[in-house]
Amino acid sequence: MSNATPKLLIDEIYKSVKGLLPNEDAADGATVTVEGWMRTNRSNNNIGFIALNDGSCFTNCQVVYEAEKLENYAEISKLLTGCAISVTGKLIHTPEAKQPFEINASEITLLGACDSSYPLQKKRHSLEFLREIPHLRPRTNTFMAVFKVRSIVSQSIHQFFRENGFSYIHTPLITGNDAEGAGETFTVTTREDGDYQNDFFGKHACLTVSGQLHVEPFALALGKVYTFGPTFRAENSNTPYHLNEFWMIEPEMAFCDLNGDMAVMEALVKYIIKDVLESCPDEMKFLNDFVSEKHDLIDKLEHVMNSDFKVITYTEAVDYLKNAPVKFENPVEWGMDFFKEHEVYLCDQVAKGPVFLIDFPKDIKAFYMKLNPDGKTVAACDLLAPGVGELMGGSQREENYDVLVKKMEDMHMDRSTLEWYLDLRKYGGVVHSGFGLGLERILMYITGVANIRDVIPYARTPKSLKF
Ligand code: 4AD
Ligand code: MG
């Protein structure tokens, strides 16, 4: 072995705690260096212990330092929670202890000082308190776990689509058509006076509420596509389930009907769960034990992964709700949009898990959804999940030119901004379907976090815009 090998190991592998963890080469007694932030530091006159976290993994690394070996012992023993340090020392395997190893320090250097005003002291902080410090909360166990899982879920989604032959399409965030009907829009303007004809784009422009209309043309060319990006809705719904900026995944498939659409939705949810449970076992265990209310998160996800999702028509759901042995605050009538309480009942009491609702009344759904032969309902599906409500919403799209034009007229829509969309029905239009999955909604479901503001790095909600 050349002399270069140990240096390479120290620099490239041993630097992260994660690199040390499963590494057989990280032999008892090897000299290693790690850099990270102090979670705790306690000491007496002779010996001190630091719990060091470098962000590479969930596990803290225990650093032991002794007055005898460390010339700056006095300085180090005074360092407070939050300091960034570099530690070089001997790796000691500790199979009996909670951590698989510790580092017996020969050198500790202060990299970044931290004083006692640091808000993250060693105690449990409420999620509400942490929401006020979004720049520091990633340093807590809960948020470290949530954001690792968020990263893995995002990658899983790309992986699922790649493995299944989908192309990733980047739809625009600034758009000229606000007619999707998915929600209210934020206007994009460089003017103060609202004179959009003389504005930057020479017309009214807004932030996208959905990439669907822009991705459909690509499905009718590349077959299977998806878009995955930020989505903006100016709706004033201050709930634990709504954000004004959220990330949405919108697949669109040519030659695919509603049943095919639901099959993909179900496969995607199961794929994500499987990948997260395999890739983030420590984070998921933490979320199960400390975040989910009943500590049954992992059991619940494993159960979902191994069961078939139920399918109920909207009309059947109305019957279930009307005959329910509970009194709802909002009475149920055919034709209404369900309230949260109804969704909860359908998930928890009727389906006892995720459930597809299909065939909604046409008047409560978007113009582009395929009209069913009954003339009253559309081939739409919402996937409801316990604790989250609507996880995904999708539909088969109306591919019949005349029917679509008639629907747009009935809804008094401005056809001129959507001629291009109608073209897709004129030029080789085919049966096609798609759906939207809110990234933050599936994250709530997978992490057991009850408020959507806690699964996105910087939440945008009414009257709240922290940095
Ligand atoms: O049901 P939505 O509004 O559907 C669409 O936008 C369609 N264009 C999707 C499609 O067929 N391509 O939104 C889809 C999903 C919802 O099921 C939910 O998961 C999420 O997006 N979502 C939100 N997530 C967080 N905050 C909000 N305000 C959300 N609104 C919708
Ligand atoms: Mg919806």
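The values are calculated or read from the model by the stated rules, or taken from the named source; none is laboratory data. Please read all numbers here as calculations on a predicted model, not as lab measurements. FYI the Cβ positions are ideal-geometry reconstructions off the backbone, even for glycines, and counts take in every protein chain you see. The accessibility values were calculated without ligands, DNA or RNA, using every heavy atom of the protein model including side chains. Shrake-Rupley method; radii C 1.70, N 1.55, O 1.52, S 1.80 Å.
What the table shows:
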read-out: Residue in region 374-382 that is at pLDDT below 95 and in contact with an Asp or Glu (Cβ under 7 Å, 6 or more places away or on another chain) present; value: no
read-out: Which numbered condition LEU437 fails, given (1) more than 15 Å from ligand 1 (Cβ to nearest atom); (2) under 21 Å from ALA351 (Cα atoms); (3) touching a strand residue (DSSP E or B) at 6+ places or on another chain (Cβ under 8 Å); value: (1)
read-out: Sole exception among (1) within 23 Å of LEU258 (Cβ to Cβ); (2) within 8 Å of ligand 1 (Cβ to nearest atom) for LEU422, by number; value: (2)
read-out: Flag for SER167 being over 19 Å from GLU245 (Cβ atoms), in contact (Cβ under 8 Å) with a residue 12 or more places away in the chain, within 16 Å of ligand 1 (Cβ to nearest atom) and open to solvent by 30 Å² or more (accessible area, probe 1.4 Å); value: yes
read-out: Any hit, region 409-426, residues being closer than 30 Å to PRO240 by Cβ and part of a loop (DSSP other than H, G, I, E, B); value: no
read-out: Members of region 375-419 that are open to solvent by 10 Å² or more (accessible area, probe 1.4 Å), in contact (Cβ under 8 Å) with a residue 40 or more places away in the chain and more than 16 Å from ligand 2 (Cβ to nearest atom); value: PRO386, GLY387, LYS407, MET411, MET413, ASP414, THR417
read-out: Count of residues meeting criterion [surrounded by fewer than 18 Cβ atoms within 10 Å (Cβ to Cβ) and of a type in the set (Val, Ile, Thr)] in region 24-63; value: 4
